[in-house]
Amino acid sequence: MNPVVQKVTERIIERSKATRAAYLEKIEKARIKGPHRGSLSCGNLAHGFAACGKEDKDSLKAFTKANIGIINSYNDMLSAHQPYEQYPDIIREAVKEVGSVAQVAGGVPAMCDGVTQGQDGMDLSLMSRDVIAMSSCVGLSHNMFDGALMLGICDKIVPGLVMSALAYGHLPFVFVPAGPMPSGISNKEKAATRQLFAEGKVGRDELLESESASYHSAGTCTFYGTANSNQLVVEVMGLHLPGSSFVNPGTPLRDALTKAAAKQVTRLTDLGTEYTPIGHIVDEKSVVNGIVALLATGGSTNHTMHLVAMARAAGILVNWDDFSELSSVTPLITRIYPNGQADINHFVAAGGMALLFRELLGAGLLHNDVKTICGEGLEKYTKEPFIENGELVWKDGPTEAADPGVIATTEKPFKQDGGVVVLDGNLGRAVIKTSSMEDPNVVIEAPAVIFESQHHLDGAFKEGKLNKDCIVVVRFQGPKAIGMPELHKLTPPLGVLQDKGYKVALLTDGRMSGASGRVPAAIHLTPEGIDGGLIAKVQEGDMIRIDPANQAVTLLVDEAELAARKPAEPTLVADERVGMGREFFGALRSHMTGAEQGACSLFVDEN
């Protein structure tokens, strides 16, 4: 093992000793009660299988055949989740073939940040993760299930599903992806049209045509944002079948993998032959593996919050120092948009997950002594799935990239580090994604221009007020303020300013997520402005320095003056908590932890 990866892992194990022990004790107590249907009264059980056919009722009465719950995030507005409409039928039939039963245990909401970006609904996005976790727990609470299949893809959905699965950590869970849509127009072309629109050089018709040619069919968006980062991380943590993350929907291979996942979970139940609960798969080593794979591929900065919350659900305590130290020794070995021009389908064609596993294992960057849904170790994940003579088979994956411009080797990486840097200073702690930046060590020292809304920046940009070196400060965007929405409306105008030769950067207690691009962006700043953060004391024209090489973010104002300043009063927060259902989320908002603690409302009683 790489000594730094080993050291960070041992530090996490030591830090988590008490909470992990308590978690394992909890799930063991749940396990020894046996198949839970046996503890139900006759009336309870009759309600649980009332809608089943006679054969399934007889199976469930016997207590010797597994009942598999399905948690489904299907809706047909969200392209990534539209394929899940047919999955329950596929799963029920596959499970029946091995003598077990499957029931849809519940549905969870699945919103699309691509639809809500810049809209009021985006303020619910991050909090929806916790709602999904709670909703899934409700679905599984009937005590009817010996294991479950989790159907989810996108930004907050998979982390929420993982958290809820870990709450039922004595049960086995298999995560079932739906795959990316086929490639549309190039990401470079799409980004160029967005920038031309921001400059007023093309109209809305041209912009919509470009966007529609990119997001054009069922399946996950093909850029490497949070949705595809979710799939990669979950596979590396051993919760997917090998090579299943990025198979296009509506293909024979996709259906075969779904059937295989359904059958595999029955083997992992306490009634099966290979009992493997998710609480034993997700341990400190698998969490570190997930972080390393995220860093090696330049994945979503949202996981600096999601992986923290996911780990906490298993009694594992992770912080940003762990991310930063792992990033320092994890080479960047993929170029997938926005870290390059290739999309996720190009990544698959270049060698995909099998080659990624091979490279990281060979370099000692992944722990191999871990459990997965396929047994011990990660060697199985260096294989690729195929349909051969009508059967699903796995064959050895490639040993080198078909396109070295998309997947590099650990010996000759695109960058020597993982491209996620933790910034620290008098302003607090923030994250910056350097893997997409032209110069990852650029220092931006410039006067502050302050906004309380991403929408207000657009007007200042159009009026030419930002035609200068500046650090754009967008504050009161954090979890407790308005739910920490993504601020991607900022990216095109800041990119235009950068192209004009101005030194610009962004500082915010809000999010930029997996699509953080070439503009230096110190994001997820904690403590947030509404919760005592110094960002609330920044005044127009104050000099700020963002220095990734030295991991620093500093407000260059005399300490005595800062002490005398009163924090600014948020003028927009009250209005941004009302409408589009936002008023119903006040309790969650008020209990949200800081970004480094996972921006989570579910563990507040223990923090």
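Derivation of every value follows stated rules applied to the coordinates shown; laboratory data play no part. Treat the numbers as computed from the prediction; the structure is a model and nothing was measured. For neighbour counting, all protein chains shown are included, and Cβ atoms are generated from backbone atoms with ideal geometry for every residue, glycine included.
Here are the numbers:
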item: Residue-averaged [θ]222 nm for the chain, counting only DSSP H segments that reach four residues, each worth -39500 (n - 2.57); result: -11000 deg cm²/dmol
item: Sparse-neighbourhood loop sites, GluC sites (Glu not before Pro) in region 419-512 - DSSP loop, at most 11 other Cβ within 10 angstrom; result: E438, E463
item: Rounded, prolate or oblate (a/c below 1.5 giving rounded, otherwise prolate when a/b exceeds b/c) for region 258-413 by Cα gyration tensor; result: oblate
item: Region 420-606: relative contact order as a whole-number percent, Cα under 8 Å and 6+ apart; result: 27 percent
item: The chain: angle of helix 284-296 to the longest principal axis, Cα-based, in degrees nearest 10; result: 50 degrees
item: Rounded to whole Hz, the Karplus (6.51, -1.76, 1.60) HN-Hα couplings of region 587-596, x for glycine and proline; result: 5, 5, 4, 5, 9, 5, 7, x, 4, 5
item: Antiparallel DSSP beta bridges within region 395-539, percent to nearest 5; result: 40 percent
item: Modelled FRET efficiency - R0 35 Å, T571 with D469, Cβ distances, 0.05 increments; result: 0.85
item: Which of L60, N2, Y337, positive extreme of dipole for the chain (C-beta unit charges); result: L60
item: Average Cα contact separation per residue, the chain, under 8 Å, 6 or more apart, as relative contact order %; result: 15 percent
item: Cα shape, region 389-448, gyration tensor, a/c 1.5 rule; result: prolate
item: Dipole magnitude of region 420-606, debye to nearest 20 (Cβ charges: Lys/Arg +1, Asp/Glu -1, about Cα centre); result: 400 debye
item: Estimated dipole of the chain in Debye, rounded to 20 [Cβ of Lys and Arg +1, of Asp and Glu -1, Cα centre]; result: 960 debye
item: Rounded FRET efficiency, nearest 0.05, which uses the C-beta distance separating E445 from A563 and R0 of 30 Å; result: 0.85
item: Beta bridges per DSSP with both ends in region 344-478, % antiparallel, nearest 5; result: 80 percent
item: Long-range amide H partners of A102 with built H, under 5 Å; result: I68
item: Antiparallel DSSP beta bridges within the chain, as percent of all bridges there, nearest 5; result: 45 percent
item: Distance-filtered residues of region 472-487 - backbone nitrogen under 11 Å, label point 7 angstrom along D531 Cα→Cβ; result: 478-484
item: Cα gyration tensor shape of region 420-606, rounded if a/c is under 1.5, else prolate or oblate by comparing a/b with b/c; result: rounded
item: Stretchable slack from E325 to F584, in nm (0.36 nm times residue separation minus alpha-carbon distance); result: 89.3 nm
item: Long-range amide H partners of V420 with built H, under 5 Å; result: T434
item: Unit charges at the beta carbon, dipole of the chain: most positive-side option, H346, S436, L241; result: L241
